[in-house]
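Note sheet for the following structure.
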Amino acid sequence: MRHIISILLENEAGALSRVAGLFSARGYNIESLTVAPTEDPSLSRMTIVTSGSEEVLEQITKQLNKLIDVIKVVDLSEAAHIERELMLIKVRAAGKDREEMKRMAEIFRGRIIDVTESTYVVELTGPGAKLDAFIQALDGSLILETVRTGVSGIGRGDRILKV
Amino acid sequence: MMMTGAEIVIRCLQEEKVEYVFGYPGGSVLHIYDELFKQDKVKHILVRHEQAAVHAADGLARSSHKVGVAMVTSGPGATNAVTGIATAYMDSIPLVIITGQVPTAYIGQDAFQECDTVGITRPCVKHNFLVKDVRDLAVTMKKAFHIASTGRPGPVVVDIPKDITAAKCEFDYPKTIQMRSYNTVVKGHLGQIRKAVQLLLDAKRPMIYTGGGVILSNAADPLTRLVRRLGFPVCNTLMGLGAYPAGDRQFLGMPGMHGTVEANMAMQNSDVLLAIGARFDDRVIGNPEHFSDVPRKIIHIDIDPSSISKRVKVDVPIVGSVPDVLEEMLRLLDADKAKPDATALADWWATIGGWRGKNCMRYEAKSDVIMPQYVIEKLHEITGGEAIITSDVGQHQMWAAQYYKFEKPRRWLNSGGLGTMGVGLPYAIGAAFANPDRPVACVTGEGSIQMCIQELSTAKQFRLPIKIISLNNRYLGMVRQWQEMFYGSRYSESYMDSLPDFVKLAEAYGHVGIRVDRPEDVEPALRKAFIEHKNELVFIDFRTDPKANVFPMVAAGKGLSEMILAEDL
Ligand SMILES: Cc1cc2nc3c(=O)[nH]c(=O)nc-3n(C[C@H](O)[C@H](O)[C@H](O)COP(=O)(O)OP(=O)(O)OC[C@H]3O[C@@H](n4cnc5c(N)ncnc54)[C@H](O)[C@@H]3O)c2cc1C
Ligand SMILES: Cc1ncc(C[n+]2csc(CCOP(=O)(O)OP(=O)(O)O)c2C)c(N)n1
Ligand SMILES: [Mg+2]
């Protein structure tokens with residue numbers, strides 16, 4: 001099962017490698033990992049997308065909580081939440097493809113943020129699945145480059161992760 | 001008052017009432033060594049290899065419930081210390097290890113004796129710090145001692161660049177420390193404890209299985225009271241020996257790979273299993289599927305939530321510290337005046353009596369060759385069971401665990417989790433400093449002792465009257481045993497050729513050496529060592545049966561009830 005784990009941790013040098021090291025040492029999967037400081041610069045917020053059985057997920061949460069720099073851990077996927085990911089995708093946009101690319105970007109509510117004679121850079125935000133769908137919908141030979149941030153997640157309503 | 005970082009380090013150690021630091025100097029810690037020289041509260045014990053510095057600090061911690069402290073230089077000093085750190089980590093031993101580092105401005109430039117100590121040790125410490133500002137130094141030291149000694153204990157590394165030890169700032173050592181990201185639960189959840197007590201009272205075939213957590217939290221006393229109050233059988237893991245008196249009728253011995261028939265069968269066949277500060281290690285429960293085959297309710301008390309339901313699904317988890325939870329259980333039992341099911345218990349004890357009747361620790365004494373088990377039995381007799389026994393890793397370790405009947409906690413020091421050959425002598429050194437009035441014996445093998453043999457020199461310098469009980473079977477015996485049993489007796493590289501003359505070696509280091517070849521000389525040699533040479537280090541080289549094996553044995557991947565006994569072969 002796919003899970004989105006949200007972590008609040010001390011914004012200390014080495015905190016990221018402690019988390020990453022834990023996942024590799026214990027053989028847990030990381031599908032994506034994003035991290036950045038919060039409104040309080042002494043804190044970082046991390047989102048990890050992982051997968052595993054119920055037992056593995058229980059261990060992941062416990063082991064994360066055990067790290068000294070980690071303050072709080074929640075499994076966002078346990079309740080209502082929102083996930084978003086940003087993708088920048090550079091595509092070939094010459095001749096007959098130019099119009100088609102523009103149309104596809106519009107359908108997916110993407111924005112073209114860089115234009116040359118033969119290329120576009122499209123910016124697209126949404127749940128991971130939507131970004132996957134966009135890639136699927138394009139002719140693969142036209143994709144020049146993709147960059148994805150990995151998923152960021154937040155609980156809905158009063159589900160708040162704070163110190 | 002303004003102080004240099006080096007002075008601050010020493011002042012912090014004084015504030016923490018650290019009596020001994022085990023260490024080895026080098027370039028990046030020279031400022032600190034200079035400050036050590038100028039005071040006499042903190043005594044430095046110069047070892048002969050950094051691995052032994054950490055093991056000795058670890059031995060001090062295991063035998064005294066204090067935080068052990070080691071200090072080493074950057075680069076090779078730190079990498080030599082890694083085995084010691086990993087050993088302590090696996091057994092949850094509280095240590096603070098101070099490592100020197102190249103000056104801050106040189107970090108990352110492949111400077112002389114630079115290594116990424118924080119990176120290298122990250123997976124084998126409870127936590128580590130790189131101090132980048134002298135103003136953070138005192139607080140970091142406080143945090144290090146706090147983290148090492150609270151919750152599930154463990155080693156903490158403080159990596160200090162040389163320029164930080166020269167820089168100055170005001171010294172202010174915090175009395176207490178609060179960390180928003182680190183809190184430990186001590187009291188167990190009352191509802192869970194109630195549930196557990198009810199399960200115990202309803203049990204027909206109860207079993208209590210305790211581990212290192214009971215020793216680490218000094219809970220032998222409440223454990224003994226609870227076990228007696230309930231009248232249940234109890235076993236102690238390799239790390240938990242001494243938590244319950246081995247001579248008591250309710251004690252079934254050690255469970256696991258080399259545990260007793262009665263302990264393993266009672267673990268396997270119990271309907272309610274109470275696990276206390278023990279982590280369901282693979283060497284204890286054998287094959288987890290086989291273990292879970294039998295329906296039983298498991299109650300698990302542990303301070304570390306990640307120890308619970310890690311390898312075996314638990315029915316009643318209780319996160320908390322052993323003494324607190326056991327006192328609460330005792331209180332509930334007394335308040336309810338409740339009693340376990342006496343008839344069921346009598347039946348259960350009768351079944352256990354049957355397993356006990358197998359007398360699985362029996363071995364055949366021989367008149368022409370020394371049996372290793374016999375040496376340990378005599379060691380127990382001559383020390384009156386009062387010695388601190390350290391051991392290395394191998395067959396001798398198992399015989400020491402099986403035949404030295406530990407009555408009290410913190411008398412048995414060994415590397416269980418990492419299984420590090422070489423710990424025995426440095427553990428004895430640490431234990432001797434922490435327990436100057438108690439005899440300390442190191443049970444070892446001719447393989448293991450050579451992994452830290454250089455510490456005979458440290459023992460001489462500090463006149464430590466350690467007794468080295470070497471069960472010299474001329475083999476890496478534990479390896480040979482597996483090869484005999486599972487590899488068609490193909491003894492690949494397990495024979496120890498060209499052994500030194502240990503008697504002469506001991507003498508070369510300035511100690512007493514004795515060689516014993518015959519069974520009738522075992523006892524006189526031990527007497528000589530413990531009485532005549534009471535105040536000296538004595539190395540006894542016992543030439544033991546090279547073919548002796550450790551039994552019972554649960555082979556890797558097998559279940560607890562599939563033990564191999566000596567008589568089966
Ligand atoms: C050659 C060899 C053979 C071995 N054979 C055996 C064998 O036959 N039988 C055997 O038992 N072992 C054997 N071992 C040892 C084995 O590998 C493990 O090290 C050992 O079984 C673990 O012991 P433990 O479960 O008591 O856990 P420990 O490693 O001692 O862990 C302690 C547990 O207590 C918890 N704890 C700590 N403090 C507290 C507190 N205050 N309150 C509550 N909980 C706390 C910790 O979180 C942890 O879960 C062998 C080792 C070697 C090298
Ligand atoms: C540092 C290290 N290397 C290798 C091993 C694997 N090992 C476990 S027991 C053993 C043999 C130990 O021989 P010895 O000290 O003579 O003890 P014996 O088993 O003969 O009593 C070995 C090599 C280990 N535990 N530790
Ligand atoms: Mg040997």
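If only residues of the stretch B:232-250 that are out of contact with any Asp or Glu (no Cβ under 8 Å at 6 or more places or on another chain) and farther than 21 Å from B:His300 by Cβ are counted, the one that is surrounded by the fewest Cβ atoms within 10 Å (Cβ to Cβ) is B:Arg249.
Scan the stretch B:195-234 for residues that are basic (Lys, Arg) and either within 16 Å of ligand 3 (Cβ to nearest atom) or in a loop (DSSP other than H, G, I, E, B) (or both) and the total you get is 2. Out of all the residues in the stretch B:502-520, which are assigned to a loop (DSSP other than H, G, I, E, B) and in contact with a helix residue (DSSP H, G or I) (Cβ under 9 Å, 6 or more places away or on another chain)? Those that are assigned to a loop (DSSP other than H, G, I, E, B) and in contact with a helix residue (DSSP H, G or I) (Cβ under 9 Å, 6 or more places away or on another chain): B:Tyr509, B:Gly510, B:His511.
Inside the stretch B:426-455, residues that are more than 16 Å from ligand 2 (Cβ to nearest atom) and not basic (Lys, Arg) make up a count of 11.
Is there a residue being within 12 Å of chain A (Cβ to nearest Cβ), within 18 Å of B:Arg11 (Cα to Cα) and modelled with pLDDT of 95 or more anywhere in the stretch B:116-131? The answer is yes, given that some residue of the stretch B:116-131 is within 12 Å of chain A (Cβ to nearest Cβ), within 18 Å of B:Arg11 (Cα to Cα) and modelled with pLDDT of 95 or more. Residues of the stretch A:66-78 that are assigned to a helix (DSSP H, G or I) and more than 7 Å from chain B (Cβ to nearest Cβ): A:Leu76, A:Ser77, A:Glu78.
The residues on offer are B:Arg474, B:Arg410, B:Arg463, B:Arg480, and the sole one that is over 18 Å from B:Ile376 (Cβ atoms), touching a helix residue (DSSP H, G or I) at 6+ places or on another chain (Cβ under 6 Å) and either assigned by TED's automatic domain parsing to the domain that holds B:Glu381 or without any contact (Cβ under 8 Å) to a residue 60 or more places away in the chain (or both) is B:Arg410. Applying the criterion of at least 3 residues that are under 23 Å from B:Ser92 (Cα atoms) to the helices (runs of 4 or more DSSP H) found wholly in the stretch B:116-177 leaves B:117-121, B:137-149. Suppose the filter is more than 14 Å from chain A (Cβ to nearest Cβ) and within 16 Å of ligand 1 (Cβ to nearest atom); does B:Leu476 pass it? Taking the combined requirement at face value, the residue satisfies it. Considering the conditions (1) part of a loop (DSSP other than H, G, I, E, B); (2) away from chain A (no Cβ under 14 Å); (3) not aromatic (Phe, Trp, Tyr), B:Ala275 is excluded by exactly one of them, (1). Inspect all residues belonging to the stretch B:483-490 and state whether any of them is within 16 Å of ligand 1 (Cβ to nearest atom), crowded, with 16+ Cβ neighbours inside 10 Å and at pLDDT 95 or above. Yes. Considering only residues in the stretch B:280-320 that are without any contact (Cβ under 8 Å) to a residue 24 or more places away in the chain and among the polar types (S, T, N, Q), the one that is farthest from the other protein chains (Cβ to nearest Cβ) turns out to be B:Ser292. Can we say A:Thr61 is under 21 Å from the mean Cα position of the chain (by Cα), among the hydroxyl-bearing types (Ser, Thr, Tyr) and away from every other protein chain (no Cβ under 13 Å)? Here the answer is no, as A:Thr61 does not meet what is asked. Among the residues of the stretch A:15-52, those that are facing chain B (nearest Cβ under 10 Å) and surrounded by 16 or more Cβ atoms within 10 Å (Cβ to Cβ) comprise A:Ala15, A:Arg18, A:Leu22, A:Leu43. Looking only at the stretch B:199-220, residues that are over 22 Å from B:Lys339 (Cβ atoms) and not hydroxyl-bearing (Ser, Thr, Tyr) come to 9 in all. The C-beta contact set for the stretch B:493-522 (first residue of a type in the set (D, E, K, R), second residue assigned to a loop (DSSP other than H, G, I, E, B) and exposed (fewer than 13 other Cβ atoms within 10 Å of the Cβ), distance under 8 angstrom, 6+ apart or interchain) comprises B:Arg518/B:Asp368.
Is at least one residue of the stretch B:211-234 under 18 Å from the mean Cα position of the chain (by Cα) and aromatic (Phe, Trp, Tyr)? The answer is no, given that none of the residues of the stretch B:211-234 is under 18 Å from the mean Cα position of the chain (by Cα) and aromatic (Phe, Trp, Tyr). Checked against the criterion of being more than 16 Å from ligand 1 (Cβ to nearest atom), under 30 Å from B:Gly59 (Cβ atoms) and either modelled with pLDDT of 95 or more or crowded, with 21+ Cβ neighbours inside 10 Å (or both), the candidates B:Tyr374, B:Tyr403 yield just one match: B:Tyr374.
The values are calculated or read from the model by the stated rules, or taken from the named source; none is laboratory data. These numbers come from a predicted model, not from an experiment. In this analysis, Cβ positions are derived from the backbone assuming ideal geometry, glycine residues included, and neighbour counts consider all displayed protein chains.
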